Amino acid sequence: MAPFSFFPDPALEDGEVALRLQETAASAPELGGVPVYRFAIVRRADGRTVGRCELRVGFSETLYYAGNIGYSVDKPERGHGYAKRACLLLLQLARRHRMPQVVITCRPDNAPSRRICESLGARLRGIVPLPADHPLYRDGDREECRYVLTFDEYR
């Protein structure tokens, strides 16, 4: 994947986690052609990778359902706040891109992800049915909670 013009610091980090850039794409076709950053979530205490996350810059019909931010934490590492910390770091990058808002989606039955979205200050805009041709539908999902976090200074 080719890098695009705005390249973040090699590692975005806070006191507990670092996001290590794995790859970038100037135009990810599977996401409606938007640029994407893909990171490993690394625990700073021991350098162990505990999950993955990505920021999808811009908007497309696919992102209406898939969101601008995606994350997953390895099962044994869940419950330690790594996903929320990664999202907070991704929000900093989204602001650097002057995105007016970010969309985060999750399955309605994913209570931990719903709590993360709400703790970030995102507002539930609805539970939306997935179109049959969407990749998430093909993976077995039928609807997604659609959360939106707006950056007021870019309105």
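The values are calculated or read from the model by the stated rules, or taken from the named source; none is laboratory data. Quantities reported herein were computed from a predicted structural model and do not represent experimental measurements. Note: ideal-geometry Cβ built from the backbone for every residue, glycine included; neighbour counts use all protein chains shown. Just the protein is used for accessible areas: all its heavy atoms, side chains included, with ligands, DNA and RNA removed. Shrake-Rupley method; radii C 1.70, N 1.55, O 1.52, S 1.80 Å.
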- Within region 21-41, how many residues are of a type in the set (Gly, Ala, Ser) and without any contact (Cβ under 8 Å) to a residue 24 or more places away in the chain? 2
- So which pairs qualify, if the first residue must be in region 103-129 and of a type outside the set (Val, Ile, Thr), the second must be exposed (fewer than 14 other Cβ atoms within 10 Å of the Cβ), the Cβ gap must be under 7 Å, and the two must be at least 6 apart or on different chains? Pro108/Ile127; Pro129/Arg142
- Item | So Ile41, is it part of a strand (DSSP E or B) and over 22 Å from Pro135 (Cα atoms) | yes
- Query: Counting residues that are over 15 Å from the mean Cα position of the chain (by Cα) and surrounded by 13 or more Cβ atoms within 10 Å (Cβ to Cβ), which strands (runs of 3 or more DSSP E) fully inside region 70-155 reach at least 1?
  - Reply: 123-129, 143-150
- Message: Test of understanding: among Leu63, Leu91, which residue is under 19 Å from Arg115 (Cβ atoms) and touching a residue at least 40 places away in the same chain (Cβ under 8 Å)?
- Response: Leu91
- Arg56 fails exactly one of the following numbered conditions: (1) open to solvent by 50 Å² or more (accessible area, probe 1.4 Å); (2) within 28 Å of Gly15 (Cβ to Cβ). What is the number of that condition? (1)
- All but one of (1) over 12 Å from the mean Cα position of the chain (by Cα); (2) hydrophobic (A, V, I, L, M, F, W, C); (3) in a strand (DSSP E or B) hold for Leu55, so report the exception by its number. (1)
- Members of region 14-29 found to be open to solvent by 50 Å² or more (accessible area, probe 1.4 Å) and within 15 Å of the chain's Cα centre (by Cα), listed by number: Arg20, Gln22, Glu23
- Note on the structure: Checked against (1) open to solvent by 60 Å² or more (accessible area, probe 1.4 Å); (2) in contact with a helix residue (DSSP H, G or I) (Cβ under 7 Å, 6 or more places away or on another chain); (3) assigned to a loop (DSSP other than H, G, I, E, B), Asp46 satisfies every condition except (2)
- On the given criteria, is Leu63 in a helix (DSSP H, G or I), of a type outside the set (D, E, K, R) and within 19 Å of Leu31 (Cα to Cα)? yes
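Let's see how each residue does on (1) closer than 22 Å to Gly140 by Cβ; (2) modelled with pLDDT under 95; (3) among the basic types (Lys, Arg):
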{"residue": "Met1", "(1), (2), (3)": "no, yes, no"}
{"residue": "Pro8", "(1), (2), (3)": "no, yes, no"}
{"residue": "Ala26", "(1), (2), (3)": "no, yes, no"}
{"residue": "Arg44", "(1), (2), (3)": "no, yes, yes"}
{"residue": "Thr62", "(1), (2), (3)": "yes, yes, no"}
{"residue": "Leu89", "(1), (2), (3)": "no, no, no"}
{"residue": "Ile104", "(1), (2), (3)": "yes, no, no"}
